[in-house]
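Written out below as structure tokens is the structure these notes cover.
Values in this text are rule-based calculations from the coordinates and carry no lab data. Keep in mind the model is a prediction, meaning the values are calculated, not measured. Here Cβ is always computed from backbone atoms with ideal geometry, including for glycine, and neighbour counts include all displayed protein chains.
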Amino acid sequence: MIKPVFPTASTVLDSILFRDAFGTPRMREVFSDYALIARYVEVEVALAKAQARCGVIPAEAAADIARLADVSSLDFDMLRHETNIVGYPILPLVHQLAKQCGSAGRYVHWGATTQDIMDTALILQVREGLRILEEDIAELRRILADLSARYRDTPMAGRTHLQQALPITFGYKTAIWLATFDRHAERLEQLKSRVLVGELAGAAGTLASLGQSGFEVQEALCEELNLGVPISTWHVARDGLAEVVNFLGLVGGSLGTIALNISIMASTEFAEVYEPFVKGRGASSTMPQKRNPISSELMLAASKAVRQHCGLMLDAMIQDFERATGPWHAEWIAIPESFVLSAGALNQAKFALRGLVVDDKKMAENLDISRGLIVAEAVMMGLAPELGRQQAHEVVYDACRVVNETGGTLSQALAADPQVASRIDHASIERLTSPGNYLGLAPKMVDRVLASKSRE
């Protein structure tokens, strides 16, 4: 009888239950063990080719290494066992590659150090990870642009300190989110030149093992991998990688803002927006009426986790001498998890916003819930030319108190005030107290975001 194999993952990133809630298959593949080891081999092969071009090793040896190095033929159990002993995977990997490559194996890893291979392989992963996130951000921007244009003129209550403040439009709100992700797209493009550089520096970063050919080989390696050439060794200068993860933290912060807004606006008392309906999604095991904002909840959780890794990466920047004792290892935790979580959060955002259900009637109803008080500022400014600014403030302040204490609307309270009624007709009072007439430049701000050069 065959014994069943039970799930053994211990984190949400690989869990059969949660992995697609907190990540995506594409990003998990980029940072999978197999893909990482394949990147190590890719760098070792590229190094041999570069050294052959520079006359450091025989061209025949490089050709054999490129032909015979085979990730799929590695003994992964042995690699895991020896990595656990050594503490790093490159020496065990080189042992196996040397055997695969026969007589050419003596030239595998020539003049390099473990961190050269691991750092460069990581940058290859980061490059692919950023490419995926760039696509996700571009798609999210298109979704937000559509929402902003569609709801450019849809009035709703603007809120400060969780209290109704002044009228805005829903398109204005989503345009602010859009502008944020326009800037994230700019940041992503700008960081590439600083981050996507190779690493070949040798044991203490001086390239001593390659003699006078060091710079030439370094440049050739980076050319083989289509990476930038580093200005200086970055074994202990980790600002580039810290920048990447903190960029992901910024993206997560923006996604968290969207998620929090959707969650609150989807609450029963607001009922202004809802995540797309999918039968069973967001259901409660005991309350059939529930429609929980699941994507927003996952976005919030992921954004918080990535922000923790931002701090870890900043901490890991503090490194001793020419090779750090520990901080480097913290990156192995923070970087893959940050990319997977960010991809998962963006995926949830695309789902939630692409099919977002917007109840403009409920928005209008909520806008009227204060019975005109939300436009008290507009009324004050409208009365100021007739009464003077300070007297207008006092009149509107008193009218607001009447509404709060005895009911009715601001329009009714003002019409009952002789100071107002003797100077302004009823139609003008109604116009001043209509929230839809006090949107400021919100619609034009939407236009400005949509017309921004960053969107071209």
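Assorted remarks:
- The peptide list 396-403, 4-11, 321-328, put in order of mean Cβ contacts within 10 Å with the highest first, becomes 396-403, 321-328, 4-11.
- Cα gyration tensor, the stretch 29-107 - rounded (a/c under 1.5), prolate or oblate: prolate
- Seen through its C-alpha gyration tensor, with square-root eigenvalues sorted a ≥ b ≥ c, the stretch 92-192 comes out prolate because a/c lies at 1.5 or above while a/b is bigger than b/c.
- Size estimate for the chain follows the Kirkwood approach: the inverse of mean 1/r over distinct Cα pairs works out to 26.1 Å.
- Residue-averaged 222 nm ellipticity for the chain, from DSSP H runs of 4+ at -39500 (n - 2.57), nearest 500: -20000 deg cm²/dmol
- Helix 59-68 and the longest principal axis of the C-alpha atoms of the chain enclose an angle of approximately 60°.
- Principal-axis analysis of the Cα atoms of the chain puts helix 376-387 at an angle of about 50° to the longest axis.
- Between the Cα long axis of helix 76-86 and the first principal axis of the chain there is an angle of about 90°, rounded to the nearest 10.
- With the charge dipole of the chain set up from +1 on Lys and Arg Cβ and -1 on Asp and Glu Cβ about the Cα centre, the Cα lying farthest toward the positive end among the listed residues Leu200, Ala415, Ser338 is that of Ala415.
- Under the criterion of Cα pairs below 8 Å and six or more residues apart, the relative contact order for the chain equals 18 percent.
- When Rg and the Kirkwood Rh are both derived from Cα coordinates, the Rg/Rh ratio for the stretch 373-432 amounts to 0.91.
- Cα-centred dipole magnitude for the chain, charges only on beta-carbon of K, R (+1) and D, E (-1), debye, nearest 20: 880
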